[in-house]
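One structure is given here, and the rest of the page talks about it.
The values are calculated or read from the model by the stated rules, or taken from the named source; none is laboratory data. Please read all numbers here as calculations on a predicted model, not as lab measurements. Note that we place each Cβ from the backbone using ideal geometry, even for glycine, and neighbour counts take in every protein chain shown.
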Protein chains: 2
Amino acid sequence: MHVSLASRMQTISPFYVMDLLHRAKQLEAQGRDVIHMEIGEPDFPTPQPVIDAAVKHLETGEVKYTSAAGLLPLREKIAAFYQQRYGVTVSPQRIFVTPGASGAFLLALGVSLNADEEILMADPCYPCNSNFVALFGGKTTRIAVDAVTRYQLTADLIKQHWTTATKGVLVASPSNPTGTLIADDPLKEAIASVHRLGGCFYSDEIYHGLAYGHPAASALQYSDGVFVINSFSKYFGMTGWRIGWLIVPDGYTDAAERLAQNIFIATSTHSQYAALAAFDDSTLAELERRRGEFAKRRDFLYENLVRLGFTIPIKPEGAFYLYANCANLTDDSHQFALDLLAAQAVAITPGKDFGNNQPQQWLRFAYTTSIGRMAEAMARLERFITVYKRGEP
Amino acid sequence: MHVSLASRMQTISPFYVMDLLHRAKQLEAQGRDVIHMEIGEPDFPTPQPVIDAAVKHLETGEVKYTSAAGLLPLREKIAAFYQQRYGVTVSPQRIFVTPGASGAFLLALGVSLNADEEILMADPCYPCNSNFVALFGGKTTRIAVDAVTRYQLTADLIKQHWTTATKGVLVASPSNPTGTLIADDPLKEAIASVHRLGGCFYSDEIYHGLAYGHPAASALQYSDGVFVINSFSKYFGMTGWRIGWLIVPDGYTDAAERLAQNIFIATSTHSQYAALAAFDDSTLAELERRRGEFAKRRDFLYENLVRLGFTIPIKPEGAFYLYANCANLTDDSHQFALDLLAAQAVAITPGKDFGNNQPQQWLRFAYTTSIGRMAEAMARLERFITVYKRGEP
């Protein structure tokens, strides 16, 4: 058979870290003890009340389709959570339960983005985000950001890069890979500028809840006319359950429902029943304990990376990543990551996965493993750097 | 905020049955006993071994992401199932576990279909299928089919409608809404004709396992160069679990993996562990018992609808639908369905949901409820028709 890939597949890039992960697994198969600091998945198990709720539902045997937008009680709990955490009133009718944040992105861009329209994003940013744009034939305009704006877009940058082809702006706070937040006023101004320009504002809030100082503001605090993408994966510790949510502006609810019916039918029923327990006091208490642990891990990793010669211009306030400049150590971060893995069995993610903004100078370290394991990783990294500096990689 | 829907949303039609379902729920809220024959979801619970496997996995607490293509042991079990049921050898590397057949369609068309390319489909057919095409900016050419070809496409129809813009052909067997199968030789010829024309063949096999005479052939029996979409929802009784699979031709495995990483990350982990038990002997024995029950329901419903004045030119051999011509009774099947619901609280699906091929003459009845309930539905339908014929709806 003649193979003819869709042209969009030329712009949907692979994750370089997947090759690295593959090599890591080969090392493990050889008996090597690999320390994984490349993975964007917390090491904590799903909170017990969430597991219990799922098991209880499964035991009924009635795992039937839910409505496309999700269980109404879950949408109501999500709405109540916005009231409680952000002081924001959101109608459950605007909330769509989705198969992960992935599903939320599909829905948000599916209802709003036309082929050939452009979305502005910070560079560096999470690679999937621009690949969703490519899926619908849209284009991503990557705007290089630096420490001056905390690696976030600003109203000025948005105005400066806006063209007649621009559909909207995606802001991710806390950011993957930089872990930095957009502060409250700059977020407010960015949204206002997008509204003045007549565009859509997409707020990626999947790392909300994982902030270690001032909490991240939701775009909903400043406007009802925004798309908010969120997930039970990261803060709530429910990665493998594949459940997230999308909040749409009023005018998009019918379209979002229609599209969800067609492209998902619905989100996994047992994941939805499980998520009903995600807002229980006992669950939230455990999640806050974990947040404290993440804050300690961040401090530990930050101090060690700086000590070892990496530059981290701003101490990140959220998510579970440090994006470290390695220009003092290498001019090829991808090769550095490959060599580090081969020599010392420590896996990290090269900057190349996050855009075109001097990626060869950056590496992402995920603190999704214990301080004990990270201490061992730092000892190995130190040994590696000592040899590397002598030019014997 | 200015609302600007993506243009694709103009071609992604709503399901008319959703309005009907909404009305049915209003009636139920008023205390009416609605008989649901509109729903494409079996009434049987998920088989116990499948539930048990999910619970066992959940109790580990380790509900982490799997690889994008799914658990290798599950892909191997699916491959073994093809060997056993169809005598076909498929490499697990070509099998992608997806969030339902919905995910399989997203992946199949995402890797292969360009904007403005056309897909040929039988009319009537399941509405989502053409909406997936619209999602990617493609176009559906609906080919009116009738009893002569068992409501299926043929090699001749394909050749006749093929243009320079045609990318491929979608065949669904057993078909929703008609319940008819494409016979083995016509399937073989249809695939061969698409290959000769240099296009893609997409085989929707989500109702496989639910055939009541000669089993449905898989497109894989005649070619490795086809896309096969399947699901654990229907035969395996796992609707709410949202898990299916896609089999791609060799040349598409890398692209499918790349796209799956980006748009799903992975399918729900506990659904995958659950599905590992779907091929157990005890599960399959229960599913075969259910198949026998569906066959009895089909016979019961077929005889009753014919008795009441509907025309069903071919007795369907699969799925759990009868597509009944109601031209003897009404010239507006949609209004008929609405009136039947209001007067007698029996919910069925109007032909309008399945295309443009004389939809006002057709109604879909799902036998996803017990013979006892269907007997009551038939009594109500008979009362309704008696009044309707007298012109007092």
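Each row is one residue, and each column tells you yes or no for (1) farther than 30 Å from B:Ala108 by Cα; (2) surrounded by fewer than 16 Cβ atoms within 10 Å (Cβ to Cβ); (3) under 24 Å from the mean Cα position of the chain (by Cα).
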{"residue": "A:Ser7", "(1), (2), (3)": "no, yes, no"}
{"residue": "A:Leu21", "(1), (2), (3)": "no, no, yes"}
{"residue": "A:Ile39", "(1), (2), (3)": "no, no, yes"}
{"residue": "A:Pro47", "(1), (2), (3)": "yes, no, yes"}
{"residue": "A:Ala80", "(1), (2), (3)": "yes, yes, yes"}
{"residue": "A:Gln84", "(1), (2), (3)": "yes, yes, yes"}
{"residue": "A:Gly87", "(1), (2), (3)": "yes, yes, yes"}
{"residue": "A:Gln93", "(1), (2), (3)": "yes, yes, no"}
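Give just the number: which of (1) without any contact (Cβ under 8 Å) to a residue 24 or more places away in the chain; (2) in contact with a Ser or Thr (Cβ under 7 Å, 6 or more places away or on another chain) does B:Glu28 not satisfy?
Checking B:Glu28 against (1) without any contact (Cβ under 8 Å) to a residue 24 or more places away in the chain; (2) in contact with a Ser or Thr (Cβ under 7 Å, 6 or more places away or on another chain), the one that fails is (2).
Residue by residue, here is whether (1) at pLDDT 95 or above; (2) over 19 Å from the mean Cα position of the chain (by Cα); (3) crowded, with 22+ Cβ neighbours inside 10 Å; (4) at positive phi holds:
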| site | (1), (2), (3), (4) |
| --- | --- |
| A:Ile143 | yes, no, no, no |
| A:His161 | yes, yes, no, no |
| A:Ser175 | yes, no, yes, no |
| A:Ala190 | yes, yes, yes, no |
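Return the residues of the stretch A:240-255 that are within 11 Å of A:Val111 (Cα to Cα), within 10 Å of another protein chain (Cβ to nearest Cβ), touching a residue at least 12 places away in the same chain (Cβ under 8 Å) and surrounded by fewer than 24 Cβ atoms within 10 Å (Cβ to Cβ); say none if nothing qualifies.
Passing the criteria: only A:Ala255.
Name the strands (runs of 3 or more DSSP E) wholly inside the stretch B:50-162 in which the number of residues that are over 30 Å from A:Glu59 (Cβ atoms) is 3 or more.
It comes to B:118-123, B:139-144.
In the list B:Arg364, B:Arg297, which residue meets the criterion of being in contact with a strand residue (DSSP E or B) (Cβ under 9 Å, 6 or more places away or on another chain) and modelled with pLDDT of 95 or more?
On the way: B:Arg297 fails: in contact with a strand residue (DSSP E or B) (Cβ under 9 Å, 6 or more places away or on another chain).
Of B:Arg364, B:Arg297, the one residue that is in contact with a strand residue (DSSP E or B) (Cβ under 9 Å, 6 or more places away or on another chain) and modelled with pLDDT of 95 or more is B:Arg364.
Checking the condition crowded, with 24+ Cβ neighbours inside 10 Å and either of a type outside the set (D, E, K, R) or touching a strand residue (DSSP E or B) at 6+ places or on another chain (Cβ under 9 Å) (or both), which residue from A:Ala122, A:Ala134 passes? Working first, answer last.
Numbers: A:Ala134 fails: crowded, with 24+ Cβ neighbours inside 10 Å.
Exactly one of A:Ala122, A:Ala134 is crowded, with 24+ Cβ neighbours inside 10 Å and either of a type outside the set (D, E, K, R) or touching a strand residue (DSSP E or B) at 6+ places or on another chain (Cβ under 9 Å) (or both), namely A:Ala122.
Is it true that A:Leu71 is facing chain B (nearest Cβ under 9 Å) and hydrophobic (A, V, I, L, M, F, W, C)? Let's see the steps before the verdict.
Details: facing chain B (nearest Cβ under 9 Å): no; hydrophobic (A, V, I, L, M, F, W, C): yes.
When the stated conditions are applied, A:Leu71 does not pass them.
Identify the residue in the stretch A:219-231 that is more than 11 Å from every other protein chain (Cβ to nearest Cβ) and crowded, with 23+ Cβ neighbours inside 10 Å and, among all such residues, is nearest to A:His195 (Cα to Cα).
Among residues in the stretch A:219-231 that are more than 11 Å from every other protein chain (Cβ to nearest Cβ) and crowded, with 23+ Cβ neighbours inside 10 Å, the one nearest to A:His195 (Cα to Cα) is A:Ala219.
Here's the yes/no breakdown for (1) assigned to a loop (DSSP other than H, G, I, E, B); (2) more than 9 Å from chain A (Cβ to nearest Cβ); (3) at pLDDT 90 or above; (4) farther than 21 Å from B:Ser231 by Cβ:
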{"residue": "B:Arg23", "(1), (2), (3), (4)": "no, yes, yes, yes"}
{"residue": "B:Leu27", "(1), (2), (3), (4)": "no, yes, yes, yes"}
{"residue": "B:Gly31", "(1), (2), (3), (4)": "yes, yes, yes, yes"}
{"residue": "B:Pro45", "(1), (2), (3), (4)": "yes, no, yes, no"}
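Any residue that is acidic (Asp, Glu), on the phi < 0 side of the Ramachandran plot and in the same structural domain as B:Ser175 (by TED's automatic domain parsing) - is there at least one of those in the stretch B:17-29?
no
Whether any residue in the stretch A:270-281 is of a type outside the set (D, E, K, R), at the interface with another protein chain (Cβ under 8 Å from one of its Cβ atoms), in contact (Cβ under 8 Å) with a residue 60 or more places away in the chain and more than 24 Å from B:His57 (Cβ to Cβ) is what I want to check. First the steps, then the outcome.
Of the stretch A:270-281, the ones of a type outside the set (D, E, K, R) are A:270-279.
Now drop any that are not at the interface with another protein chain (Cβ under 8 Å from one of its Cβ atoms), which leaves A:270-271.
Narrowing further to those that are in contact (Cβ under 8 Å) with a residue 60 or more places away in the chain: A:270-271.
Now narrow it down to the ones that are more than 24 Å from B:His57 (Cβ to Cβ): none.
No, the stretch A:270-281 contains no residue that is of a type outside the set (D, E, K, R), at the interface with another protein chain (Cβ under 8 Å from one of its Cβ atoms), in contact (Cβ under 8 Å) with a residue 60 or more places away in the chain and more than 24 Å from B:His57 (Cβ to Cβ).
Give the residue that is surrounded by the fewest Cβ atoms within 10 Å (Cβ to Cβ), with candidates limited to residues of the stretch A:23-37 that are closer than 26 Å to B:Thr60 by Cα and not hydrophobic (A, V, I, L, M, F, W, C).
Step by step, filter the stretch A:23-37, then rank; the result is A:Gly31.
Of everything in the stretch A:269-283 that's within 16 Å of A:Ser233 (Cβ to Cβ) and among the hydroxyl-bearing types (Ser, Thr, Tyr), which residue is surrounded by the fewest Cβ atoms within 10 Å (Cβ to Cβ)?
The residue in question is A:Thr283.
Yes or no, residue by residue, for (1) among the hydrophobic types (A, V, I, L, M, F, W, C); (2) closer than 30 Å to A:Phe136 by Cα:
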| position | (1), (2) |
| --- | --- |
| B:Asn129 | no, yes |
| B:Phe136 | yes, yes |
| B:Lys139 | no, yes |
| B:Arg142 | no, yes |
| B:Asp146 | no, no |
| B:Thr164 | no, yes |
| B:Pro186 | no, no |
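Among the residues of the stretch B:126-141, are any within 11 Å of chain A (Cβ to nearest Cβ), within 20 Å of B:Ile158 (Cα to Cα), in contact with a Cys (Cβ under 8 Å, 6 or more places away or on another chain) and modelled with pLDDT of 95 or more?
No, because not a single residue in the stretch B:126-141 is within 11 Å of chain A (Cβ to nearest Cβ), within 20 Å of B:Ile158 (Cα to Cα), in contact with a Cys (Cβ under 8 Å, 6 or more places away or on another chain) and modelled with pLDDT of 95 or more.
If you check A:Ala54 against the conditions, is it within 7 Å of chain B (Cβ to nearest Cβ) and not acidic (Asp, Glu)?
When the stated conditions are applied, A:Ala54 passes them.
For the stretch A:336-355, how many residues are in contact (Cβ under 8 Å) with a residue 60 or more places away in the chain and touching a strand residue (DSSP E or B) at 6+ places or on another chain (Cβ under 6 Å)?
8
Of all residues in the stretch B:163-176, how many are within 18 Å of B:Ala219 (Cα to Cα) and either within 14 Å of chain A (Cβ to nearest Cβ) or assigned to a loop (DSSP other than H, G, I, E, B) (or both)?
7
Answer with yes or no whether A:Leu106 is touching a Gly at 6+ places or on another chain (Cβ under 6 Å) and assigned by TED's automatic domain parsing to the domain that holds A:Ala217.
no
Go through the residues of the stretch B:286-303 one by one and say whether even a single one is within 14 Å of chain A (Cβ to nearest Cβ), farther than 18 Å from B:Gly209 by Cβ and surrounded by 19 or more Cβ atoms within 10 Å (Cβ to Cβ).
no
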